[in-house]
Amino acid sequence: MNTDLLRLQPYPFEKLAELKQGLQPPAQLDHIALSIGEPRHPAPRFVIDNLIAHLHQLSNYPSTRGSAALREAIASWVIRRFAINPGLVDPETNLLPVSGTREALFAIAQTVIDRQAERPLVLMPNPFYQIYEGAALLAGASPCYLNCLSDNDFLPDLDEIDDARWADCQMLYICTPGNPSGAVMPRAYLRRLIELAHRHDFVIASDECYSEIYFDEDEPPPGLLGIAAEIGNEKFERCLAFHSLSKRSNLPGLRSGFVAGDAQILQRFLLYRTYHGCALPPATQSASAAAWSDEAHVIENRALYRQKFEQVLALLSDTLAPQKPQAGFYLWASTPVSDTEFTQRLYAEQNVTVLPGRFLSRDQEGVNPGENRVRMALVAPLDECLDAARRINQLIPAL
């Protein structure tokens, strides 16, 4: 067996199930789950119709590279969304469709990491999406956790990373907007990361799956590829951006996304994926092309989240008082007691489930950045989110 499997930690939701074991919530209260970031807004009807209309294509093997129509739809979206010169994004070489960002974020480490290096490091934010850690470990690298604390706007402090770690770094995972904080990396911050990648020869894997959930229609979060083009890195060297239809279009079950950027890296990634066998089914590719070509449903989706955040934050302002995130659909809230106790009591007394912050983090330099925080996903319908907020308010005085 692959002994690296023994290095993997339990997934956060396994820990959550264990934490709740034996607790009996009030039977008269319906359960409200704020723990998992699974979009629950309706999937776009036109995408469903397109998927059904192309089910006859199940008799055909799909291409790992993806259909020309899908790649062109993705390229057009990238160009529009990040204001990139159309001549810089080649649908043939600068992007690949993937089976959701989770699959691709894991697989890219297996492609990029050089196991023969003396001490390969993969740097990642802390807290983090646990796929980053597992990908690094199973690629034969060591994860290096970069604390994301409130005093640095929940971004890794780049000045705290010494030259030795930069020298050993082969890949850096970033998440912007961040999970769980919703922090958006400013343009200057992304420019600096690209400069560091060139100076120290590592690859940036930018997880941007929350990039289309933001609150000001006039200020969408910047993306890695847009900044790369802006500073003259027109071949997107050492830069890869990962996007998904799961959050943007409420299609988590479609398992469809893409990775775009450095053509040389993507050529090797295509080789890996050809053996890996993760080609999107033809009907999925057709439906995905339709989704990437439409923005109206995405604007409507943002409006639903905007309404939820405004009303939930108003209810919690005098009790839990969480900060409004810059983007994304999570509240990253401080707790008046330990995050695990808060989670247990909220479930046992109010039948609401949240995720303890420490389950998303690792102890690093004597600090666990998730300790005494919880992540709450405002993915449920508005009435459920408001009900959950009222129940939190009922719990707070008893803590």
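What follows is calculated from the coordinates using simple rules that are stated; it is not laboratory data. None of these values were measured; they are calculated from a predicted model. Positions of Cβ are backbone-derived with ideal geometry, glycine not excepted, and every protein chain shown enters the neighbour counts.
Among T274, T353, sorting on how many other beta-carbon atoms sit within 10 Å of each Cβ, with the fewest leading, yields T274, T353. Between the stretch 223-266 and the stretch 40-61, the alpha-carbon centres lie 23 Å apart.
For the listed peptides 339-345, 40-46, a ranking on the average number of other beta carbons within 10 Å per residue, highest first, reads 339-345, 40-46. One decimal place: the segment D363-T274 gains 28.3 nm when fully extended, by the rule 0.36 nm per residue minus the C-alpha distance. Against the chain, whose longest principal axis comes from its Cα atoms, helix 68-82 is set at around 60 degrees.
Shape summary of the stretch 60-294, radius of gyration then Dmax from alpha carbon positions: 16.6, 53 Å. The C-alpha atoms of the chain define a longest principal axis, and helix 100-112 lies at about 60 degrees to it. For the chain, the longest principal axis of the alpha carbon atoms and the long axis of helix 187-200 meet at an angle near 50°.
Based on the mean of other Cβ atoms within 10 Å per residue, sort peptides 13-25, 106-118 so the most packed one is first.
Working: 13-25: 13.1, 106-118: 16.1.
Listed from highest to lowest mean packing, they are 106-118, 13-25.
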